Amino acid sequence: MSSHNHQHAHTIADDIAEKTFQDVSLCYQCGKCSAGCPVRYYMDIAPNKVVRLIQLGFYEEALKSETPWLCAGCQTCSTRCPQEFDLAKFMDAVRELALEKGVEIKHKDILKFHEAFLNQIKRFGRSYEIGLIAEYKMKTMHLMQDVDSGPDMFMKGLLEVIPHKMKDKKSVKDIFKKTAKK
Amino acid sequence: MSDKNWEPKIVAFVCNWCTYTGADLAGTSRLKYPTNVKLIRVMCSGGIDPVFILKAFERGADGILVSGCHPNDCHYNAGNFHARRRWTFFDELLEYLGVEKGRLQFSWVSASEGKKFVDVVSKVVNDVKEMGPFKSYDELNSEFMTKFPDMPEIDKNMIIKEEEAV
Amino acid sequence: MKIGVFICHCGENIGRTVDCPRVSKACQWLPGVEVSLDYKYMCSDPGQNMIKDEIRKKKLDAIVVGSCSPHMHEKTFRKAAVDAGINPFLVEIANLREHCSWVHDDIDAATDKAIDLVRMAVEKVKRNQPLTTIEVPVTKRTLVIGGGIAGIQAALDVANAGYEVVLVEKEPSIGGHMSQLSETFPTLDCSQCILTPRMVEVYQHPKIKLMTYSEVEKVEGFIGNFTVTIRKKARHIDESKCTGCGLCTTKCPVKKKAFNSFEENLAYRPAVYVPFPQAVPNIPVIDETVCTYYKTGKCQMCVKVCGREAISFDQQDTLVTEEIGAIIVATGYKLYNIEKKPEGSMIKGYGEYGYGKYKDVVDGLQFERIASASGPTSGEFKRPSDGKEPKKIVFIQCVGSRDDSKGFSYCSKICCMYTAKHAMLYKHKVHDGEAYVFYMDIRSGGKMYEEFVRRAIEEDGVKYIRGRVSKITEKNGKYIVKGEDTLASMPIEIDADMVVLATAMIAQTEASELAQTIGIPYDKYGFYNEAHPKLRPIESTTGGVFLAGACQSPKDIPESVAMASAAAAKAMVLFGSDKLEREPVVAKVNELFCAGCFLCKKVCPYGAVEVKEMKDRNGVVYKEIAYVNEGLCQGCGTCTASCPSKSIELAGFNNEEVFAQIAAL
Amino acid sequence: MKVGYFPGCSQTGTAKEYDISLRKVVEKLGTSFDEIKDWTCCGATSAHVTNHMLASALAMRNIMLAEQQGLDDIVAPCAACYNRLVVSQHETMTQPALKTEVEAVLDTKLNKEIKVMNLIELFQKIGKEKISENKTFDIKNIKAACYYGCLLVRPSSITHFDDAEQPSSMEELVELAGAKTVDWNYKVECCGAAHTLARRDIVLDLSKKIIDDARDHGANVLVVACPMCHSNLDMRQRAMKRAYPGHKEFPVLFLTELLGLALGMKEKELGIDKHTIEFNYKELAAEKAAV
Amino acid sequence: MEELKKLAKELLENKTVAAVIGYQQVDDKRTKPIIVTTPEDASKLVFNEYCLNNLAVYLTKARIKNLAKQNGTTLKLGIVAKPCDIHAIVALIQESQLKREDVYIIGMNCHGVVKDYGMDFSGETLATKCTPCDSHKPLYSDSNLGEVKDTPKVSDEVLEKIQAVEKMSHKERFEYFKKEFDKCIKCYACRAACPLCYCQRCITDKTVPRWVESSPHSRGNFSWNVVRAFHLSGRCIGCGECERACPMDIPLSLLNRRMTETAKQAFAYVSGRSLDTPTLVGSYDVKDSDELFM
């Protein structure tokens, strides 16, 4: 006779639990994740605090944070977490949810980079650096960035002028179509 | 006996340390539950033989509860763990043979769970009431009675009811 | 068989909802019932006298009392029955109060049920067997395993009460971890100073047989009647001749081959050594693994210098058996080690803290030795790598504790306190030094404990930072400690000269093996299980085996000592009488029909089922069957339900009795 | 011996020299590659940070192709690709719901688990001893700081490869090739990874710390096994010089290039000349002698 | 076949074993058990698709055990065993009825046996116990003989029947089994044929108190069959000898097999497969499912 039959509304915390197969209550806020995070200094909210916000139900504040977008996915936090909470996976889920819920993303550049990258794959099946750089620059209007290393690489034959294409492009387009979020 | 007035006969096999004491607590807390239930106390849920269940059905029980200490709380460390394996088999077997799930139920009730004891017992009574009398086994029992009216039973002399006696 | 039925009204408690006169009248007609009466208070003196009178008058064989729960007054009515000449096990209680009147409202239905309950009890009592309590003799000697502070305290308490004690310690000296500590919290008194007199007292006590450098090898028997085999490891020194002059240890040419484990590997020791100057007994041991003689057959420097001819290279281990009545297990703890653990271990070690490769990242006990006036640095704070005084020191708590990933989930309980003590000791000696403590929560419950921690912060200026450290790296002789202050939500990096890890208190290496030898259960961490977490915290579930100190869970000194005294008291309770009385609710095997499948043996939680050989007239074994050791059996009956051929029965709750109750439904 | 090969996008672009040197070294050690035909991008960071399903499907398409091609094991020399493939495969194969969904997207049935290897595992499979056996050129003046980055060893519960905090398998290979290694602190720190375009400041900061620590611990070369790490550590040094005046150039080699040198190949042959920071063993040796 | 005879002869000659329990040909399509005690008789031993019996049942019989006792010492008992028969031997060893060193297992490679004597061996006549069988090579054998052939692939008849029964309502099921059990004449042939029914006195023969009503009526029949199936739960090795022995054709394997599936699904345990794992009944795992309990 289970005593845990309390019905409650589906929350963001539940969404995260479903996406990551782990409950945010696992986190006991020791801060080891933040302590070891290589991009911690650039974040507006410490990684452990993002978890805290979700634990307490301050969902909007958490989803709006730029921290998940700055997360490089290096998994240092997940590897060292004493509670075996996979924080990197948690950050993935927060980002996905931020996009799903249409929250305004502070770090548009990073999102735009990801969009540009995926666009390349959608078109060519593989990433194509010149195209990527061009598209990214068009999207962000950071036209002068990387002028220092670009020509260098180009001269050394590291940047291809013509994208490497794969043959079965339809199957890749299909994957994008079928996994597209409504 | 019309079905409307029919009251099921429920037996509970309980361990001495947790569920029996939990039932005591239900009493001291003055919680209420139906009178249909009668408890048979054994030392440990590990000591309850599945044949007890058959015997109880033979004696006309409509529903049976088996209850002991929660896992890891057994007074004897591990009796309930052995019981759990045993009942997993017996429960599957009985259900396979056509005994509805609710006829035989299991629970862990600790000495501090007077309320849970009441909940569990009430659930068993309600479930069995919903299922009605245990007709399948009653048939076996009545066949036995008609086929062997003179069969000496160890307990035959016990069935004398008070009215008959007076 | 003549049975008497007595229905109690319990004032109004039963009488209000159960029509007691109707119950007693109805039960009068039950077969076998000679007399059936009801009374206001059956447990009162007049009530009990009524029962006794009826038993005598009607020559009753058994009685059933319809009253409150058997857990309340079964003993009372059994005693009344015994007074009137009936075996106590021919008394059955029908629980008419807790299981009937108090839980039902409908008077008719409750009364009907009460009659059923009495009838069931009557049918059971008809089949009850008279049983006599089991008596077992008691050997009034105690075995104490472990010579740390808990073992010492327990041994002294039992011995001072006049009972003999055998104290077994696996190391060459008693004293345990407490002898390694510098000062103790919260009083900051010197550990050695308070411990050494106790050690000497043990050594000189006429009732204590001290066996150091010895280990328990086998435990047989049961409560009051254990036979214990102890392995006395070869010291290679004749204890009867050695005077403890220590000349051999100073002359031994082996200098830097073996780490000094008492100094937590911060120093070396010779091949023939006394663990520490205050050791009890003050008799050296020769370490075969590093001694030159055992490698080359030459040297014998110790032999040359010993004026008493006490060196005995060919000494062998000896086995000693002792008859014991009670066992006190006080084997203590060890510290979690951050080194990398082999694949598949339950714990992992801390790679982010260097897996032990940094010399100046030490654990709590090493720091105790550094702080100790008798330690390798004579109490001056010097870091191991270069002997410089650390000016900035970082303490990290919860290393291996509260860590599901690399260590154990539990809290080691004492680290908050000893870390505060460490920081304080450091600040008292190095006034210009900085001390930082990384903590998760400060757990300082205990007399003067919280005050102690506050003192470290307020008076000694120790900086507490709430957060776990992510990584320690080494750069130019400094240790970069990367953390986060979760209160300020600020990343923090400290370039420390030394780092002290408050590593977890964990079970001794061979804790589970010893538990299996003695036959006591242990938890998944290797700590020994108490019989009941609240009400029987000192006893193990095995009769006659008691627990003291950190072998049960992490503990500080006062707790260990309290538990040791409690364990001693428990042992003395056992010795209070010459014979041990036990409820006769034990299983018994039907030897004729037992087929020897030993399912009962497999399910028995107490190892009470043994193998018995059945022999024919010529002494040839014709079958092996189960045999229940009454001393060990606790009467759960799991064996009886498991037995496929029903060749094992539990006295007092046998199957026939249960069947009778079912039949009476 | 033949091993399945998943080059990954970088191998065809910015890290072409990695591809070249890898193929040459492997060939020298008596192994050949069976490239997955018509492979796609693994999805990289961009897919899994924004759309988990897309990430799983893109990665699993390659696993599917490998299965169809009859491969038992494949090597993904890029640490990021390796991580994506291993993790996606693990998740897909252990989560029945995800598996069903991925199968629906790819319109196929996934039956076989393919062993995905990283660069170091590849050499372990080929046989570490072959490196020392085939060694023809002495590179003893190289003092290498072996850089694993984050994705080679993590998550160790899935990759089961080396120690997550103090790995040592790359050092073993480098030492077998005749170079020396140093013990340093930033073996598994992150270089900033995919932030290379959007947040160059972060990448410069992190990469600089890595290079400085390697130098501080006496290394003269940084050895990597990931094209993304290489581009951040090598290519970004130009910008690093501008952002951190006084930054001194530090050569960054792919593990395969280092092995190539030991196996007697020339810098140009291995594509080392394509690096932003120049490296020439002779010069290094001369410098060393001068000191 | 010759190697079997040769081996048995040797074992008997050099006194490794006191007797070999094996099969003897009766006619083309029929064998019977034989206990060979002299080297000369070893030539009578055969092994083929008609060796239906699970000879492990003889290992616990006192008279046969006594054969091994010669001149004050105890020799081994040799037994010709199919891989599935060895499962019974393993279970007997685990349940202390036998010591591993007391038995010499001549393990035969097996590709199935026929349902009954007189049939030609083919997929259709493959015994039901052989259809789900995955043990074609003997484990724990002292000698491994016989040729390896493919087992005919046929559908698992018993499992299909179980699934059919499970589709019925509770009432229908009860009726079905009641009808089947009503055929029982309490001859206990099932018990006698079962290698794991080695009790000295069966529960059904215990009278005080009476556990199982032994008189022939539905209720007693029901109890007996429930108790028999329960006592074999998690232990039955699926040799099907009980069903083959039943003169009234009660589908006993429907019960045994069903409980075997429970053991597999709930506890990932298959009886008689390993001497190193503890028996399912008699051990427990703290992590066993707790679903059944409120």
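What follows is calculated from the coordinates using simple rules that are stated; it is not laboratory data. Since the structure is predicted, the reported quantities are computational estimates derived from the model, not experimental observations. No Cβ is skipped: glycine too gets one built from the backbone with ideal geometry, and neighbour counts run over all protein chains shown.
Under a 5 Å amide H cut-off, with hydrogens placed 1.01 Å from N, E:ILE34 pairs with E:GLY22, E:TYR23, E:GLN24 among residues at least 5 apart or on other chains. Note on chain E: GNM, Cα springs under 10 Å; of E:GLU166, E:GLU243, E:GLU157, the largest mean-square fluctuation is that of E:GLU166. Cross-link partners for D:LYS24 among the lysines, with Cα-Cα distance under 19 Å and sequence neighbours closer than 8 places in the same chain left out: D:LYS2, D:LYS16, D:LYS125, D:LYS128, D:LYS130, D:LYS135, D:LYS266, D:LYS268, D:LYS274. Relative contact order of chain B, taken over Cα pairs closer than 8 Å and 6 or more residues apart, is 31 percent.
Charged side chains reduced to their Cβ positions (Lys and Arg at +1, Asp and Glu at -1) give chain E a dipole of some 960 debye around its Cα centre.
Karplus-derived 3J(HN,Hα) values for segment E:148-159, using 6.51 cos²θ - 1.76 cosθ + 1.60 with θ = phi - 60°, are 9, 10, 7, 7, x, 8, 9, 6, 7, 4, 5, 4 Hz; glycine and proline are entered as x.
In the protein assembly as shown, taking the dipole from charged Cβ atoms about the Cα centre, the farthest positive-side position among A:CYS33, A:LEU132, C:PHE593 is held by A:LEU132. Cross-link pairs exceeding 19 Å in C-alpha to C-alpha distance, out of C:LYS471/D:LYS187; B:LYS123/E:LYS264; A:LYS49/A:LYS112; E:LYS129/E:LYS153; E:LYS15/E:LYS76, comprise B:LYS123/E:LYS264; A:LYS49/A:LYS112. In whole percents, the pair-distance distribution calculated for segment C:469-548 from its alpha-carbon pairs, binned every 5 Å from zero, is 3, 12, 15, 13, 8, 6, 7, 10, 13, 9, 4, 0. Under the convention that each Lys and Arg Cβ holds +1 and each Asp and Glu Cβ holds -1, the size of the dipole of the protein assembly as shown around its Cα centre is about 1260 debye. Of D:LEU29, D:VAL86, D:MET64, which is farthest along the charge dipole of segment D:13-118 in the positive direction, counting Lys and Arg as +1 and Asp and Glu as -1 at C-beta? Going by the Cα projections, it comes out as D:LEU29. The slack between E:THR207 and E:SER43, meaning 0.36 nm per residue of separation minus the straight C-alpha distance, is 54.3 nm. Pairs C:LYS357/D:LYS208; C:LYS406/D:LYS115; E:LYS6/E:LYS29; C:LYS357/C:LYS413; C:LYS391/C:LYS427; C:LYS392/C:LYS429: which are spaced more than 19 Å apart, C-alpha to C-alpha? Result: C:LYS357/D:LYS208; C:LYS406/D:LYS115; E:LYS6/E:LYS29; C:LYS357/C:LYS413 exceed 19 Å.
Using only atoms on other chains, find how many Cβ atoms lie within 10 Å of each Cβ of peptide E:220-228 and report the average.
Taking the mean over all residues of the peptide, I get 4.
Please tell me the relative contact order of segment C:1-91 in percent, rounded to the nearest whole number, where contacts are Cα pairs under 8 Å and at least six residues apart. Show your work: numbers first, answer last.
Numbers: 151 pairs, mean separation 31.4, N = 91.
Value for segment C:1-91: 34 percent.
The ratio of the alpha-carbon radius of gyration of chain C to the globular-protein estimate 2.2 N^0.38 Å is 1.24.
Each listed q (0.04, 0.08 Å⁻¹) maps to a log10 I(q)/I(0) for the protein assembly as shown, found by the Debye formula over equal Cα scatterers with no solvent: -0.37, -1.33. FRET efficiency for the C:CYS190 to D:ASP216 pair, using the beta carbon distance and R₀ = 41 Å, is estimated at 0.45. Spacing of the modelled spin labels on C:ASP523 and E:ILE185, each 7 Å from Cα toward Cβ, amounts to 6.2 nm. Within segment E:1-149, the proportion of C-alpha pairs whose separation exceeds 28 Å stands at 15%. Overall size of chain D from C-alpha positions, given as principal axis extents largest first: 64, 43, 31 Å.
Under the combined filter of DSSP loop state and at most 16 neighbouring Cβ atoms within 10 Å, segment B:1-49 retains these chymotrypsin sites (Phe, Trp or Tyr not before Pro): B:TRP6.
Filter the cross-link list B:LYS38/E:LYS183; C:LYS255/C:LYS334; C:LYS340/E:LYS99; C:LYS79/C:LYS588 down to pairs whose alpha-carbon distance in this structure exceeds 32 Å.
B:LYS38/E:LYS183; C:LYS340/E:LYS99
Take each residue of peptide C:28-37, count the partner chain Cβ atoms within 10 Å of its Cβ, and average: the result is 2. Magnitude of the charge dipole for chain B, about its Cα centre and with charges confined to Cβ atoms of Lys, Arg (+1) and Asp, Glu (-1), is about 560 debye. Cross-link reach is defined here as a Cα-Cα straight distance under 23 Å, omitting same-chain residues fewer than 8 places apart; for C:LYS570 the lysines meeting it are C:LYS140, C:LYS207, C:LYS209, C:LYS218, C:LYS534, C:LYS555, C:LYS579.
Backbone amide hydrogens, once placed in the peptide plane, bring C:GLU183 within less than 5 Å of C:SER191, excluding anything fewer than 5 places away on its chain.
Considering only C:GLY66, E:HIS231, E:GLY118, and ranking their Cα positions along the charge dipole of the protein assembly as shown that arises from unit charges at the beta-carbon of Lys, Arg, Asp and Glu, the one farthest toward the positive end is E:GLY118. Taking chain E as a Gaussian network of alpha-carbon nodes connected by springs under 10 Å, the highest mean-square fluctuation of the residues E:SER253, E:SER141, E:SER218 belongs to E:SER218.
Report, in order of residue number, the helices in chain C meeting two criteria: a C-alpha extent of 15 Å or more along the helix axis, and a mean Kyte-Doolittle hydropathy of at least 0.5; treat each whole DSSP H run as one helix.
Correct list, ordered by number: C:149-160, C:557-575.
Dividing the convex hull volume of the alpha-carbon atoms in chain B by its residue count gives 137 Å³ per residue.
If you count, for every residue in D:156-167, the Cβ atoms of partner chains within 10 Å of its Cβ, what is the mean?
The mean count of partner-chain Cβ atoms within 10 Å per residue comes to 4.
Only helical runs count toward this figure. For the protein assembly as shown, summing -39,500 (n - 2.57) over DSSP H runs of n ≥ 4 and dividing by all residues gives -10500 deg cm²/dmol at 222 nm. Normalising the average separation of contacting C-alpha pairs (under 8 angstrom, six or more residues apart) by the number of residues puts the relative contact order of segment D:1-102 at 32 percent.
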